[in-house]
Amino acid sequence: MDKASEQAKGKGKIGSTLKGIGPAYMDKTGRNALRVGDLLREDFKEMYEQLKQKHQVIINTYHFTDDISADEKEFFKAVEFLKELNIINGEYFINKLLKEGKRILAEGAQGSMLDIDFGTFPFVTSSNTISAGVCSGLGLAPQHIKDVIGITKAYCTRVGSGPFPTELENADGQKLRDIGKEYGATTGRPRRCGWIDLVALNFACMINGVTKIVMTKADVLDEFEELQVCTAYSKEGQELTEIPLRLDLDHYVPVLEKFEGWNTDISQVKDAAALPEKAKSYIDFINSYLGVNVDFISNGPERDQLIVV
């Protein structure tokens with residue numbers, strides 16, 4: 001296989017962590033998955049065996065011959081441990097708390113552009129990662145959602161394959177990766193790094209109903225003399241400020257606005273007024289573009305390194 005073919009094949013990979021999330025969701029949508037409540041059924045092992053046989057037929061086509069008996073033993077040990085926990089009907093539990101006046105913080109997992117419905121399909125995860133997932137995931141009605149806090153880095157990263165218009169495959173990209181320690185938490189893979197993409201961020205704010213933004217890792221940009229911000233995508237001379245219906249973003253080039261970097265250590269700054277003027281200009285431009293304000297700026301990994309704007 002020539003180099004070009006190898007690269008094309010690599011770009012076609014979804015970039016999965018290979019931890020089994022996809023097959024688990026296939027069982028769910030196939031309506032034969034095992035659910036937590038099933039652990040309490042007397043026929044749980046029979047249900048498990050039926051599902052196991054279904055999967056056995058599939059993996060036999062790949063000539064899979066590994067002995068999984070040790071894994072099964074660990075699985076059933078884990079099942080017995082789970083049965084010792086307080087298994088509850090979560091929908092009733094959480095709605096009862098709301099009626100009692102309790103405040104609930106729901107934390108999303110993964111980025112909005114990895115959403116199965118609205119992300120850069122097929123380079124996405126298997127579930128809904130946007131704020132609507134709070135309703136379908138927890139059994140909460142939409143009217144209970146008050147603030148939606150959007151979390152964004154001061155630049156862009158991505159793990160695995162998929163479109164990334166602002167990706168920097170150069171020294172600046174490596175600099176972002178090294179300073180920001182951008183390596184996958186699950187896999188250890190180096191994250192792809194690039195300038196902040198306001199087209200994608202604006203889309204994420206829209207579909208999530210973001211009411212305020214927390215910008216993390218602003219201090220990672222401290223050592224850059226020049227920063228760039230993507231304000232549109234360009235293809236064959238035409239500019240686009242919306243995510244295209246056909247997600248062929250590899251055929252678009254980013255339209256970039258340049259800013260002078262503040263080139264100053266901001267990790268010790270406690271007050272927004274003390275930020276360098278060039279940092280303020282960077283934030284102000286983002287606020288103006290999005291129509292949603294950055295209310296908090298994280299300037300380091302510690303809990304107290306959070307500037308209230």
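The values are calculated or read from the model by the stated rules, or taken from the named source; none is laboratory data. Just so we're clear, the structure is a prediction, and the values are computed from it rather than from any experiment. Note that each Cβ is placed from the backbone with ideal geometry, even for glycine, and that neighbours are counted across all protein chains shown.
Miscellaneous remarks
- For beta carbons closer than 9 Å, sequence separation of 6+ or different chains, a first residue in region 180-192 that is of a type in the set (Ser, Thr, Tyr) and a second that is part of a loop (DSSP other than H, G, I, E, B) and surrounded by 14 or more Cβ atoms within 10 Å (Cβ to Cβ), the qualifying pairs are 183/159; 183/189; 183/191; 186/17; 186/159; 187/17; 187/159; 187/160.
- Considering region 92-109, the residues that are part of a loop (DSSP other than H, G, I, E, B) and charged (D, E, K, R) include one that is nearest to residue 148 (Cα to Cα), namely 107.
- Pair list, Cβ < 7 Å and 6+ apart or interchain, from region 134-154 residues that are of a type in the set (Asp, Glu) to residues that are modelled with pLDDT of 95 or more: 147/211; 147/212
- Test: residue in region 47-62 that is of a type outside the set (A, V, I, L, M, F, W, C), closer than 30 Å to residue 161 by Cα, outside the structural domain of residue 137 (by TED's automatic domain parsing) and surrounded by fewer than 10 Cβ atoms within 10 Å (Cβ to Cβ): yes
- When residues of region 231-241 are limited to those that are touching an Asp or Glu at 6+ places or on another chain (Cβ under 8 Å) and surrounded by fewer than 22 Cβ atoms within 10 Å (Cβ to Cβ), the one farthest from residue 155 (Cα to Cα): 232
- Of the strands (runs of 3 or more DSSP E) lying entirely inside region 216-292, those containing at least 3 residues that are at pLDDT 95 or above are 226-235, 253-260.
- Qualifying residues in region 249-265 (those that are hydrophobic (A, V, I, L, M, F, W, C) and free of Cβ contacts under 8 Å to residues at least 40 places away in the same chain) - the one surrounded by the fewest Cβ atoms within 10 Å (Cβ to Cβ): 255
- Test: residue in region 195-211 that is touching a Cys at 6+ places or on another chain (Cβ under 8 Å), surrounded by 15 or more Cβ atoms within 10 Å (Cβ to Cβ) and of a type in the set (Phe, Trp, Tyr): yes
- Qualifying residue in region 268-277 (condition: loosely packed, with under 13 Cβ neighbours inside 10 Å and either within 27 Å of the chain's Cα centre (by Cα) or outside the structural domain of residue 173 (by TED's automatic domain parsing) (or both)): no
- Selection within region 55-71 - in a helix (DSSP H, G or I) and either modelled with pLDDT of 95 or more or over 31 Å from the mean Cα position of the chain (by Cα) (or both): 56, 57, 60, 69, 70
- Taken over region 229-246, the criterion of being of a type in the set (S, T, N, Q) and free of Cβ contacts under 8 Å to residues at least 12 places away in the same chain is satisfied by 238 alone.
- Of all residues in region 73-80, none are modelled with pLDDT under 90, β-branched (Val, Ile, Thr) and over 25 Å from the mean Cα position of the chain (by Cα).
- Selection count where residues are in contact with a Phe, Trp or Tyr (Cβ under 8 Å, 6 or more places away or on another chain) and among the polar types (S, T, N, Q), scope region 204-240: 3
- For first residues located in region 70-82 and within 18 Å of residue 41 (Cβ to Cβ), partners that are among the basic types (Lys, Arg) and part of a helix (DSSP H, G or I) and lie 6+ apart or on another chain with Cβ distances below 9 Å form the pairs 76/45.
- Selected residue [at positive phi, among the small types (Gly, Ala, Ser) and exposed (fewer than 12 other Cβ atoms within 10 Å of the Cβ)] from 101, 30, 37: 101
- Yes/no for residue 37 being touching a Ser or Thr at 6+ places or on another chain (Cβ under 8 Å), within 28 Å of residue 84 (Cα to Cα) and outside any loop (DSSP other than H, G, I, E, B): no
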